[in-house]
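Some notes on the structure that comes next.
The values are calculated or read from the model by the stated rules, or taken from the named source; none is laboratory data. Quantities reported herein were computed from a predicted structural model and do not represent experimental measurements. Here the Cβ positions follow ideal geometry from the backbone for every residue, glycine too, while neighbour counts run over all protein chains shown.
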Amino acid sequence: MTMVDATHLVLVHLNFKNNGTFTPAQSTVHITGSGNDSLLGSANTAFYNLTIEKGVGTNFYIPPELPIDGPWYIRNDLVLGGSDNKVMLSIRDLIMDPDAQILGANASRFIVTPGSGRVVKNGLTDFTFPVGASQNRYTPVRVVQTGQGNIGVRCLPHVYANGSSGNPLTSGVVDASWELSKSQPSASTFTITPQWNSAEELSGFDGNDCGVSYSLGNGDWDLAGANIGQKSGQGPFTRTRSGITFGQNLTGVFAVGSEPLMYPLRVAPKTYLQGAYNASTGNMNDNLRALQIIPLQEPYSQTTGFTHVGRGGGETVSPNVLSVSGNNAIVDWVFLELRNGLNSSTVLETRSALIQRDGDVVEVDGVSPVIFRGREADDYFVAIRHRNHIGIRSTNVLSLAHQPVQYYDFTVEQFQAVGGVQAPLGNVWGMYGGNANSNNNVKYSGPSNDQNTLLNGCLGGNKSLILSQVYNACDLNLNGNVRYSGPLNDQNFLLNTVLGGSKSKIITQPNF
């Protein structure tokens, strides 16, 4: 069929079927009526103007059509004019010419991309893709391109761990994602602005601490630094990200989220706590775990001298993690600091983590490297602190990124910690214990001394009192008891093990 310019073909509740050649010229095909209709036929179809203006709740379907399953085209305007009408793409692409527009799209009239079919804008410079993953979820995305390229977009119904595959994320994200594909022989730079409604925000999503993130695969996303901020609007909402570079013939998945989509810096430090160290086994004792007195929520938010920075604080551990025995059994909570690589006095982020019997410092799952989220890959100092041990900091900066994991073993050499302030534990090194008042030094006498905190602060001046099965900073040897005298007492550990029998000795944490 060959159309004549300005021809207006109205199809009332009829499918459009093209098994041959359809030449649209500058005509308009108007799809109307009260039922669902489809684009059928064995040939690819190009419309000059296509208006879809159907009855309430009816749709225009683009089903798979053998033998071609090919795209269909809009040369000028696609007008969405009905009430609650959708274009259902399935697996076939809709290709828009460089000057073509989509008019009339809103929350009740848009293009649904439940399959692999995309809306493709040839020669894109600035275009809003009016897409959604289902008929009741309108989540358009605006794309601005500097450079040359044909850009295809489809909306996915969830945020998947690996971008377009893996399990859906169930918290901390907007429950939709956008797959962008580019086909052109040169690199381009993009600005992307997704839109969503409050109904798409899953629990844990923080509209004041969110951004547009790009999937790196393997469960990692790249949201970091200046790209994190506050959502815009009163509903629907938007968030914009600029400066995205795409090479030729690439496909990427973008999503909006908070911490789950932030770039992960992975670090795996190792140290020992002197209070728990057992020289006969070469590991630490896990008495606190065995007594089931390690708190399920990190203690540092409530501990004097510790201040969480950034997204740290409130970390929790499952009882199942604390049921693990052996070398990977959990000894206690520790407090990690990510410090500026150019100025170590500046703490950028903190994280409460767990320490195993063999000294590995791990995430709250009990096995994984510690993750700091939302910071760019760069050089950082890493410090480890504990509620009754002297803190340590890496002597040199560590180059942290999402991959590979950066390992750092404080135990192998004294000056792995800045200033060499580490406790000798036979042929390894660890963190000095005895810091009952959680400050930056250990001492037996003088102002703010730890012996006084132990005797008077914790035991009320009673040298014979025993506090049994307690999680307490005065439990200096981390055996679950606080006592001043008798077997395995904390006063003896402070004076003889930590201070070498000297009541005048002071061990001071270096300035980090």
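Criterion applied to N489, N440 was being touching a strand residue (DSSP E or B) at 6+ places or on another chain (Cβ under 9 Å) and within 30 Å of V347 (Cβ to Cβ), and the one residue passing it is N440. Going by what's in this entry, would G313 be described as in a loop (DSSP other than H, G, I, E, B) and either among the basic types (K, R) or touching a residue at least 12 places away in the same chain (Cβ under 8 Å) (or both)? So G313 fits the description; yes.
What strands (runs of 3 or more DSSP E) completely inside the stretch 144-208 contain at least 2 residues that are among the hydroxyl-bearing types (S, T, Y) and outside the structural domain of M88 (by TED's automatic domain parsing)? Write out each step before concluding.
On the way: elements: 150-156, 173-183, 188-196.
Here the list reads 173-183, 188-196.
Please find, within the stretch 306-338, the residue that is nearest to the chain's Cα centre (by Cα) out of those that are of a type in the set (G, A, S) and surrounded by fewer than 14 Cβ atoms within 10 Å (Cβ to Cβ).
As a first pass, look at the stretch 306-338 and keep what is of a type in the set (G, A, S): 310, 312-314, 318, 323, 325-326, 329.
Pick out the ones that are also surrounded by fewer than 14 Cβ atoms within 10 Å (Cβ to Cβ) and you get 314, 318, 323, 325-326.
Working: G314: 16, S318: 20, S323: 27, S325: 30, G326: 31 Å.
Selected residue: G314.
Checking each residue in the stretch 227-254 for being among the small types (G, A, S) and touching an Asp or Glu at 6+ places or on another chain (Cβ under 9 Å) picks out G229, G252. Scanning the stretch 401-441 for residues that are crowded, with 24+ Cβ neighbours inside 10 Å and over 22 Å from N285 (Cα atoms) returns a single hit, A417. Apart from one condition, F381 fits all of (1) out of contact with any helix residue (DSSP H, G or I) (no Cβ under 7 Å at 6 or more places or on another chain); (2) loosely packed, with under 15 Cβ neighbours inside 10 Å; the exception is (2).
Only one entry of Q274, Q292 meets the criterion of being farther than 30 Å from T128 by Cα, outside the structural domain of S181 (by TED's automatic domain parsing) and either touching a Pro at 6+ places or on another chain (Cβ under 9 Å) or acidic (D, E) (or both), and that entry is Q292. Here is a list of conditions, (1) surrounded by 17 or more Cβ atoms within 10 Å (Cβ to Cβ); (2) over 40 Å from the mean Cα position of the chain (by Cα), and S485 meets all of them except one; can you say which number that is? Every condition holds for S485 apart from (1).
Specify which of the listed residues (R311, R357) is among the charged types (D, E, K, R), out of contact with any Gly (no Cβ under 7 Å at 6 or more places or on another chain) and outside the structural domain of N472 (by TED's automatic domain parsing). It would help to see each step written out before you state the result.
On the way: R311 fails: out of contact with any Gly (no Cβ under 7 Å at 6 or more places or on another chain).
Only one candidate qualifies: R357.
Residue-by-condition table, conditions (1) touching an Asp or Glu at 6+ places or on another chain (Cβ under 7 Å); (2) more than 20 Å from D332 (Cβ to Cβ):
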{"residue": "L455", "(1), (2)": "no, yes"}
{"residue": "I466", "(1), (2)": "no, yes"}
{"residue": "V470", "(1), (2)": "no, no"}
{"residue": "C474", "(1), (2)": "yes, no"}
{"residue": "N481", "(1), (2)": "yes, no"}
{"residue": "P487", "(1), (2)": "no, yes"}
{"residue": "F493", "(1), (2)": "no, no"}
{"residue": "T497", "(1), (2)": "no, no"}
{"residue": "S502", "(1), (2)": "no, yes"}
